[in-house]
Amino acid sequence: MASPPRPVLSDEALDLILREARTPVAWTDEPVDPAIVREIFETAKYGPTMMNSLPLRLTVVQSPRARADLLDLMSPVNKELVATAPLVAIVSADRDFHETFAITWPHDPAARDKFPDHEQRGHLARMNATLQLAYLIIAARAHGLDIVPMTGYSSTRIPPRFLGDGDEDLIAVVALGHADDAATRPRDPRLPFERVVRFA
Ligand SMILES: Cc1cc2nc3c(=O)[nH]c(=O)nc-3n(C[C@H](O)[C@H](O)[C@H](O)COP(=O)(O)O)c2cc1C
């Protein structure tokens, strides 16, 4: 029997999360309640990852000292955006994702032991955490915030405490707030369907 038709997002919702959403280049002074991080997380966590491995970790930068340390490693072009953002966080990928399979993949007790190779785990962790970063971007927009992911930094200078206590690789720094639309330049063109999609 066919499943009942699923609802689809309205044009307004599609515009909000992707079609009209822009990456901020400056912020308004409207504050952001840090509690929104939990709301964004509770939405983004449902995005799919390999074997529900969920390797993304998020370090919310809270103290002025931590913000200063982060600023230190950002590229000159990103310093202002990070310094003025209402909320900043570090996205990393946990290579020890296999240690939580008992929680996240409970129907397969052998899952943990299928990933003995540290390098392979690093590759899988980075790939899946990067996917989760995309879910985080969409979720932040869906919850009414603007977000900029940044990879313009010196990753070798990242303080270990920004990468948790485990075995984590840096994926991106994200800044969240409300965009100052007046500062945003016109949207850069996207590649057209014909250039991107092929049928084999
Ligand atoms: C992985 C990644 C890294 C990025 N790094 C930076 C960065 O270091 N600094 C910056 O200002 N924007 C950065 N961006 C933002 C992109 O330049 C921006 O999203 C893209 O040009 C599309 O802009 P639009 O969303 O306004 O159309 C990054 C985006 C991604 C996804």
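The values are calculated or read from the model by the stated rules, or taken from the named source; none is laboratory data. Bear in mind the structure is a predicted one, so any value in this text is a computation, not a measurement. Note that each Cβ is placed from the backbone with ideal geometry, even for glycine, and that neighbours are counted across all protein chains shown.
Residues that are touching a Ser or Thr at 6+ places or on another chain (Cβ under 6 Å) and modelled with pLDDT of 95 or more: does region 96-115 have at least one? Yes, region 96-115 contains a residue that is touching a Ser or Thr at 6+ places or on another chain (Cβ under 6 Å) and modelled with pLDDT of 95 or more.
Being closer than 16 Å to residue 166 by Cβ, β-branched (Val, Ile, Thr) and not in a helix (DSSP H, G or I): is that true of residue 60 here?
Values: closer than 16 Å to residue 166 by Cβ: no; β-branched (Val, Ile, Thr): yes; not in a helix (DSSP H, G or I): yes.
Here the answer is no, as residue 60 does not meet what is asked.
Scoring residue 136 on the criteria (1) more than 13 Å from the ligand (Cβ to nearest atom); (2) closer than 17 Å to residue 90 by Cβ; (3) not basic (Lys, Arg) leaves a single failure, condition (1).
Could you please find all residues in region 144-166 being surrounded by 17 or more Cβ atoms within 10 Å (Cβ to Cβ) and either among the aliphatic types (A, V, I, L, M) or more than 9 Å from the ligand (Cβ to nearest atom) (or both)? Once the filter is applied, which keeps residues that are surrounded by 17 or more Cβ atoms within 10 Å (Cβ to Cβ) and either among the aliphatic types (A, V, I, L, M) or more than 9 Å from the ligand (Cβ to nearest atom) (or both), region 144-166 yields 145, 146, 147, 148, 150, 158, 162, 163.
In this structure, residue 88 does not qualify as under 19 Å from the mean Cα position of the chain (by Cα), exposed (fewer than 15 other Cβ atoms within 10 Å of the Cβ), β-branched (Val, Ile, Thr) and not in a helix (DSSP H, G or I). Selection over region 113-128 of residues that are surrounded by 11 or more Cβ atoms within 10 Å (Cβ to Cβ) and without any contact (Cβ under 8 Å) to a residue 12 or more places away in the chain gives a count of 2. Here is the figure for region 173-197: residues that are assigned to a helix (DSSP H, G or I) and closer than 30 Å to residue 61 by Cα total 3. The condition of being among the basic types (Lys, Arg), within 16 Å of residue 40 (Cβ to Cβ) and not in a loop (DSSP other than H, G, I, E, B) holds for only one of 141, 126, that being 141. Of everything listed in (1) surrounded by 16 or more Cβ atoms within 10 Å (Cβ to Cβ); (2) farther than 17 Å from residue 152 by Cα; (3) away from the ligand (no atom under 14 Å from the Cβ), the single unmet condition for residue 69 is (2).
Scanning region 144-200 for residues that are under 20 Å from residue 69 (Cα atoms) and either of a type in the set (A, V, I, L, M, F, W, C) or in contact with a Cys (Cβ under 8 Å, 6 or more places away or on another chain) (or both) turns up 148, 150, 158, 162, 163, 170, 171, 172, 173, 174, 175, 176.
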